[in-house]
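Peer 1: Take a look at the following structure, please.
The values are calculated or read from the model by the stated rules, or taken from the named source; none is laboratory data. Since the structure is predicted, the reported quantities are computational estimates derived from the model, not experimental observations. Don't worry about glycine lacking a Cβ; one is built from the backbone with ideal geometry, like all the others, and counts go over all protein chains shown.
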Amino acid sequence: MRTTLPLDPEVSGKLNAEVARGDRAFKTVVNDALRRGSGGTERPVKRTAYVVKPLSPAFRPGIDTDKLSEADDELDNAAAAVRRQWEGCLDGNGPVGFAWVTVLGLCG
């Protein structure tokens, strides 16, 4: 169907910019925009695949990457020890509550 339609300068500029960006005709760009705006189906847009560029991990010299799980276990053990120490302070038998233990650094 052929029709004449006056376009606002802003709309016309956006459509012309879209035409200049790709290899599509003005008619195709207008039809695709009308389909999107009216909730109709949209033609698939040709897109290039996103390429992930992996980075190599930058560990400091002297860090043995084969022993990272051992370091993680040591940190878990240290955190568990701190938790046990805090639980002893906060079991309800201590002289102060949790907030004061935190502020004053008690229980250690």
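Peer 1: With the structure loaded, tell me whether residue 48 is under 30 Å from the mean Cα position of the chain (by Cα), modelled with pLDDT under 70 and closer than 30 Å to residue 23 by Cα or whether it fails that test. Spell out how you get there, then give the answer.
Peer 2: Details: under 30 Å from the mean Cα position of the chain (by Cα): yes; modelled with pLDDT under 70: no; closer than 30 Å to residue 23 by Cα: yes.
It is false that residue 48 is under 30 Å from the mean Cα position of the chain (by Cα), modelled with pLDDT under 70 and closer than 30 Å to residue 23 by Cα.
Peer 1: Can you name the condition, by its number, that residue 31 falls short on among (1) modelled with pLDDT of 85 or more; (2) surrounded by fewer than 10 Cβ atoms within 10 Å (Cβ to Cβ)?
Peer 2: Going through the list (1) modelled with pLDDT of 85 or more; (2) surrounded by fewer than 10 Cβ atoms within 10 Å (Cβ to Cβ), residue 31 breaks only (2).
Peer 1: Just checking, how many residues over the range 45-88 are part of a helix (DSSP H, G or I) and out of contact with any Pro (no Cβ under 9 Å at 6 or more places or on another chain)?
Peer 2: Taking the range 45-88 as the starting set, the residues that turn out to be part of a helix (DSSP H, G or I) are 65-88.
With the extra rule that they be out of contact with any Pro (no Cβ under 9 Å at 6 or more places or on another chain), the set shrinks to 66-88.
Residues flagged as part of a helix (DSSP H, G or I) and out of contact with any Pro (no Cβ under 9 Å at 6 or more places or on another chain) within the range 45-88 amount to 23.
Peer 1: Return the pairs, sorted by first residue and then second, in which the second residue is of a type in the set (A, V, I, L, M, F, W, C), the first residue lies in the range 61-72 and is exposed (fewer than 10 other Cβ atoms within 10 Å of the Cβ), the beta carbons are less than 7 Å apart, and the residues are 6+ apart or on different chains.
Peer 2: 65/59
Peer 1: Related question: Quick check: anything in the range 43-52 surrounded by 10 or more Cβ atoms within 10 Å (Cβ to Cβ) and among the small types (Gly, Ala, Ser)? Give the derivation first.
Peer 2: Narrowing the range 43-52 to residues surrounded by 10 or more Cβ atoms within 10 Å (Cβ to Cβ): 43.
Checking which are among the small types (Gly, Ala, Ser) leaves us with none.
No, because not a single residue in the range 43-52 is surrounded by 10 or more Cβ atoms within 10 Å (Cβ to Cβ) and among the small types (Gly, Ala, Ser).
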